[in-house]
Structures are given as C-alpha cells and as structure tokens.
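The values are calculated or read from the model by the stated rules, or taken from the named source; none is laboratory data. Here the structure is a predicted model, which is why all the values come from computation and not from measurement. In this analysis, Cβ positions are derived from the backbone assuming ideal geometry, glycine residues included, and neighbour counts consider all displayed protein chains. Ligands, DNA and RNA are excluded from the accessible area calculation, which covers all protein heavy atoms including side chains. Shrake-Rupley method; radii C 1.70, N 1.55, O 1.52, S 1.80 Å.
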Amino acid sequence: MDASTPTDLLADYAGAELLPILIAPHPGLKARCRPVRSEDTELVRGLIPRMFATMYKAPGIGLAAPQVGLPLRMVIVDLMPDERREPYVMINPEVVACSGERAPHEEGCLSLPNQYAQVVRPAVVKVRFTDETGGRREVQADGLLAACMQHEIDHLDGTLFVDHLSALKRNMILRRLAKEQKALKEQAR
Ligand code: K2U
Ligand code: ZN
C-alpha cells in the first residue's frame, strides 16, 4: 500500500459488486491469513469498496477478508454510530496492548447467520494497522468497537466467536446453524 492511495476508496463502495460471504463450517474460515504486501496494492484497492458494499448490505458492523474467501490479513469495521459512517480499513492489524479488565458483548457473525452469544474479551485494546492510504495508525478502542476489532482480527487466524465459548455452547450453535442452512438449501431447490 503506497501512501499516495486516495481515500476515495471508501467513497465508491456504493456501486461496488457484492462478494459472497463464506458460511461456517467452510474451511476458508479456518485459514491462517498472510500479511498484505506492497504487491497486493491493486488487489486491495479493488477489494475495499466491495467489502464495504457487502458489509453494509448484510448488514454488519465488521467484515474480514477470509470471510469473502481471501486469506489476507485485512479487515473493515464500521459501527455506524448514530447512523453516520465511521469506516475503518485495517491492513495487517495487530493488538499491541489490551486491558486486564474484560467485558462481555453479544456477538454475531455474518459467517454464522442468526447465531448470537455473549463473548468475554479484554474491555480496551490498542490496535496498530495500516489504513487505506498506506498510513500507519494506532487506535485505542473500548466497548463494542473493541469487541468488533478483536472479533475481526480473530478471523485472520481462523478463530470464530464460537471458539471462545464452551464446547457445549459451540456445538449447539454449529448444529443449529447446519440445520438452518440445510432447510434454506431445501427451500431453494
Ligand atoms: O465478522 C463479522 O461477521 C461481523 C460481525 C461483527 C460483530 C463483531 C462483534 C460483535 C458484534 C458484531 C457482524 O456484524 S454480525 C451482525 C451484527 C451487527 C451488529 C451487532 C451484532 C451483530
Ligand atoms: Zn465474524
């Protein structure tokens, strides 16, 4: 990502073509993603608007590249506080510090549709990343933003929110998801 990349990448998501979101237990969701390199600049430029269009359409407040089948260390987040856009493009994100204090949040995932559970994570995190202009950024997040950023960065290591739950709860959710997906496929036939 060279520093000259314009930030209008976020602006042209409106017409961007949607991407298919992988549904668990798709193996692509277990991928350990590789860092984005400078030779990926063009690929990433094309991907950003399409990931935002896909996320806003779902709707979701975050999306990681492996969820759309690309094993790259790149995520987007937008909590859309009070309906205004607050987009983050996080390339090669890493949590560089986190609080000892932990907090529970109701989490969902576009790759596990209609499944939700309380997940406990560090309440405050400091995340370092490269943004869409190629600039190095560091953000301190708390609340839902902290949960969402950790949830998305987990995706880059093949970890889903259900992996933080007890085996009993995880299997219940995965069984219910498989049942719902099977019923959807039967309806579509
Ligand atoms: O990774 C994803 O699929 C994005 C999740 C983001 C999320 C992370 C942590 C906590 C909540 C959501 C999707 O946005 S799931 C849909 C959703 C949207 C708003 C609030 C809860 C769930
Ligand atoms: Zn997710």
>> Below 21 Å, Cα to Cα, which lysines can residue 169 reach? Residues fewer than 8 away in the same chain don't count.
In response: 30, 179, 182
>> How big is the dipole moment of the chain about its Cα centre under a simple scheme where the beta carbon of each Lys and Arg is +1, that of each Asp and Glu is -1, and everything else is neutral? Debye, nearest 20, please.
In response: 920 debye
> What per residue convex hull volume, in Å³, comes out for the chain when only alpha-carbon positions are used?
Replying inline: 123 Å³
> Toward the positive end of the charge dipole of segment 1-145, about the Cα centre and with charges on Cβ (Lys, Arg +1; Asp, Glu -1), which of 145, 18, 96 goes farthest?
Replying inline: 96
> When the helix-only estimate is applied to the chain (DSSP H runs of n ≥ 4, each -39,500 (n - 2.57), divided by the residue count), what is the mean residue ellipticity at 222 nm, nearest 500 deg cm²/dmol?
Replying inline: -9500 deg cm²/dmol
> Rolling a 1.4 angstrom probe over the protein heavy atoms, how many square angstrom per residue are accessible across segment 7-184?
Replying inline: 49 Å²
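Taking all protein chains as present, what is the carbon and sulfur share of the accessible area of the chain, in % to the nearest whole number, probe 1.4 Å? Numbers along the way, then the final one.
On the way: 5200 of 9690 Å².
Taking all protein chains in place, the chain shows 54 percent carbon and sulfur surface.
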